[in-house]
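A.B. asks: Here it is, the structure in full.
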Amino acid sequence: MPSRNAENGLHYFAADYFAARDRFSQLAARQAAWTQRCPIQTPSIGGKELTIDAAYFGAPSPARLVIISSGIHGAEGFAGSAVQQQLVTDLRAMPPLPSSCGLLLIHAINPYGFAHLRRVNENNVDLNRNCLARFPGPANSAYGTFDPLLNPTSSPGRDLFKAKLVWAGIRHGMRAGKRAIASGQYAFAKGLFYGGTKRQESITIFEQLLRRASAENTKQVLHIDLHTGLGRYGHYKLLTDLPEESHELQQLQKWFGADKVITSQTKKTSTYPAFGDIGELTQAVFNHCRVYPATLEFGTYSLWHTLAVLRAENRLHYYGTVDSAAGRKIKADCQETFCPADPKWRLAILERGGKVLRQAIDRGFNRA
Ligand SMILES: [Zn+2]
């Protein structure tokens, strides 16, 4: 349970990327062993650079490392940043980290998307489909079936998207359709869930930060990547692609609860494996360690609503006018979809997110 008036936590939800970033880095600077600010090569906004910010707490050569990252999906960063800020604040009241442990927080892996209310980066790349060992990415021919429906080449307007999507789901199968659309694709550069043709700068920076925190004696890594937009409103799940019978999956279920940790590698769930997700990169960097990667997803609205908003925002980006009444409405819908303004939702995320991150620190450092 939160140790202070939960209402006070609402201020952790910033109005925009810069406010979130500045608050995170100010809080972290007071107690971190090191911090690092990494600008990305995109045009600044109002003279301010877009940056990925890291803060490291604990031992210089950690045997056990916990990594908590936010904002790989841009606009999803509001909630991720809020729970990271809360964690940094709460660290002061928590017992000191054990002597052989390190905690690495990485804020806003996709600062462009966060600042511009997009899920993707400055090149329309879904960074959580970009962490491949090599390019080109795998073929996903089924995506092509859905491309005309998902990515119309006209400005946003009313159409029968949801009805057409239901019809496509009936024709192709809901589960197969979901997998074809959201697993990632590397052929439609202006489309949704596009993984790019080469590694993106943000991912290179993320990898450098992991290497800075790693040590020869690092044995165990728990990585929680924070997301919103999938699942029941105000609730959470930890999603992973770990094999069903693996030690790592069983350990995650023991640490966080079997009902909370879901793998895509089973026929029993409706989740789907994503190509090139960030957990793959963490596993590659720490290939000499036990690695426990998980995506912490906080639910907001329905999958169909979220997909409709992403589709409208992408059409706006390529064929519409952002600086118009219709454009501002679509951007506001996007922010609401990934970070509802409802205080009940926000307080639930602080409470539940806070609980999971405390569990991550206690279990990841073998403290409880
Ligand atoms: Zn996400």
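A.B. asks: Would a scan of the range 39-60 turn up a residue that is closer than 19 Å to GLY102 by Cβ, assigned to a strand (DSSP E or B), open to solvent by 10 Å² or more (accessible area, probe 1.4 Å) and of a type in the set (Lys, Arg)?
C.D. replies: No, because not a single residue in the range 39-60 is closer than 19 Å to GLY102 by Cβ, assigned to a strand (DSSP E or B), open to solvent by 10 Å² or more (accessible area, probe 1.4 Å) and of a type in the set (Lys, Arg).
A.B. asks: Determine whether ARG352 is basic (Lys, Arg), assigned to a helix (DSSP H, G or I) and under 16 Å from LEU238 (Cα atoms).
C.D. replies: For ARG352, the condition - basic (Lys, Arg), assigned to a helix (DSSP H, G or I) and under 16 Å from LEU238 (Cα atoms) - is met.
A.B. asks: So, one more: Can you name the number of the only condition in (1) in a helix (DSSP H, G or I); (2) open to solvent by less than 10 Å² (accessible area, probe 1.4 Å) that ILE68 fails?
C.D. replies: Unmet for ILE68, out of (1) in a helix (DSSP H, G or I); (2) open to solvent by less than 10 Å² (accessible area, probe 1.4 Å): (1).
A.B. asks: Among (1) closer than 29 Å to GLN208 by Cβ; (2) part of a loop (DSSP other than H, G, I, E, B); (3) touching a residue at least 40 places away in the same chain (Cβ under 8 Å), which single condition is ASN287 missing?
C.D. replies: Answer for ASN287: the failing condition is (3).
A.B. asks: May I ask you to list the residues in the range 337-368 that are of a type in the set (Phe, Trp, Tyr) and at pLDDT 95 or above? I'd like the intermediate steps shown before the answer.
C.D. replies: Narrowing the range 337-368 to residues of a type in the set (Phe, Trp, Tyr): 338, 345, 365.
Scanning the range 337-368 gives PHE338, TRP345.
A.B. asks: Identify the single condition in (1) closer than 21 Å to GLU207 by Cα; (2) open to solvent by less than 10 Å² (accessible area, probe 1.4 Å) that TYR17 does not satisfy, given that it satisfies every other one.
C.D. replies: Among (1) closer than 21 Å to GLU207 by Cα; (2) open to solvent by less than 10 Å² (accessible area, probe 1.4 Å), the lone unmet condition for TYR17 is (1).
A.B. asks: Could you list, ordered by first residue, the pairs with Cβ atoms under 8 Å in which the first is in the range 178-194 and more than 13 Å from VAL120 (Cα to Cα) and the second is open to solvent by 50 Å² or more (accessible area, probe 1.4 Å) and assigned to a helix (DSSP H, G or I), at least 6 apart or interchain?
C.D. replies: Listed by first residue and then by second, the contacts come to LYS178/LEU303; ALA180/THR145; ALA180/HIS172.
A.B. asks: Within the range 208-241, restricting attention to residues that are aliphatic (A, V, I, L, M) and within 30 Å of PRO340 (Cα to Cα), which residue is farthest from the ligand (Cβ to nearest atom)? Break it down into steps so the answer makes sense when it comes.
C.D. replies: Taking the range 208-241 as the starting set, the residues that turn out to be aliphatic (A, V, I, L, M) are 209-210, 213, 215, 221-222, 224, 226, 230, 238-239.
Retained after the next criterion (residues that are within 30 Å of PRO340 (Cα to Cα)): 222, 224, 226, 230, 238-239.
Details: LEU222: 19, ILE224: 13, LEU226: 9, LEU230: 7, LEU238: 13, LEU239: 10 Å.
Result: LEU222.
A.B. asks: What about ALA360, is it assigned by TED's automatic domain parsing to the domain that holds TRP255, open to solvent by 30 Å² or more (accessible area, probe 1.4 Å) and within 19 Å of LEU226 (Cα to Cα)? Give the steps one after another, and end with the answer.
C.D. replies: Numbers: assigned by TED's automatic domain parsing to the domain that holds TRP255: yes; open to solvent by 30 Å² or more (accessible area, probe 1.4 Å): no; within 19 Å of LEU226 (Cα to Cα): yes.
Here the answer is no, as ALA360 does not meet what is asked.
A.B. asks: Here are the criteria: (1) open to solvent by less than 30 Å² (accessible area, probe 1.4 Å); (2) charged (D, E, K, R); (3) more than 23 Å from ALA325 (Cα to Cα). Tell me which single one ARG118 does not satisfy.
C.D. replies: ARG118 satisfies every listed condition except (3).
A.B. asks: Given the conditions (1) touching a helix residue (DSSP H, G or I) at 6+ places or on another chain (Cβ under 6 Å); (2) under 30 Å from LEU27 (Cβ atoms); (3) within 16 Å of the ligand (Cβ to nearest atom); (4) not hydroxyl-bearing (Ser, Thr, Tyr), which single one is not true for GLN86?
C.D. replies: Going through the list (1) touching a helix residue (DSSP H, G or I) at 6+ places or on another chain (Cβ under 6 Å); (2) under 30 Å from LEU27 (Cβ atoms); (3) within 16 Å of the ligand (Cβ to nearest atom); (4) not hydroxyl-bearing (Ser, Thr, Tyr), GLN86 breaks only (3).
A.B. asks: Now for a different question. What single numbered condition from (1) surrounded by fewer than 21 Cβ atoms within 10 Å (Cβ to Cβ); (2) over 20 Å from ARG363 (Cβ atoms) fails to hold for ILE181?
C.D. replies: Result: ILE181 fails condition (1) only.
A.B. asks: Would you confirm whether or not the range 190-204 contains a residue that is small (Gly, Ala, Ser), open to solvent by 70 Å² or more (accessible area, probe 1.4 Å) and more than 16 Å from the ligand (Cβ to nearest atom)?
C.D. replies: Among the residues of the range 190-204, not one is small (Gly, Ala, Ser), open to solvent by 70 Å² or more (accessible area, probe 1.4 Å) and more than 16 Å from the ligand (Cβ to nearest atom), which makes the answer no.
A.B. asks: Which members of the range 105-115 meet the condition of being among the aliphatic types (A, V, I, L, M) and either more than 19 Å from ASP323 (Cβ to Cβ) or within 15 Å of the ligand (Cβ to nearest atom) (or both)?
C.D. replies: LEU105, ILE106, ALA108, ILE109
A.B. asks: Could I ask something else about it? I'd like to check something: does the range 299-322 contain any residue that is touching a His at 6+ places or on another chain (Cβ under 8 Å) and closer than 27 Å to ARG118 by Cβ?
C.D. replies: Yes, because at least one residue in the range 299-322 is touching a His at 6+ places or on another chain (Cβ under 8 Å) and closer than 27 Å to ARG118 by Cβ.
A.B. asks: I'd like to check something: does the range 262-282 contain any residue that is open to solvent by 30 Å² or more (accessible area, probe 1.4 Å), modelled with pLDDT of 95 or more, part of a loop (DSSP other than H, G, I, E, B) and away from the ligand (no atom under 15 Å from the Cβ)?
C.D. replies: Checking the range 262-282: not a single residue is open to solvent by 30 Å² or more (accessible area, probe 1.4 Å), modelled with pLDDT of 95 or more, part of a loop (DSSP other than H, G, I, E, B) and away from the ligand (no atom under 15 Å from the Cβ).
The values are calculated or read from the model by the stated rules, or taken from the named source; none is laboratory data. Nothing here was measured: the structure is a model prediction, and the numbers come from that model. Counting neighbours? That spans all protein chains shown, and the Cβs are built from the backbone with ideal geometry, glycine included. Note: accessible area is taken over every heavy atom of the protein model, side chains too, but ligands, DNA and RNA are not part of it. Shrake-Rupley method; radii C 1.70, N 1.55, O 1.52, S 1.80 Å.
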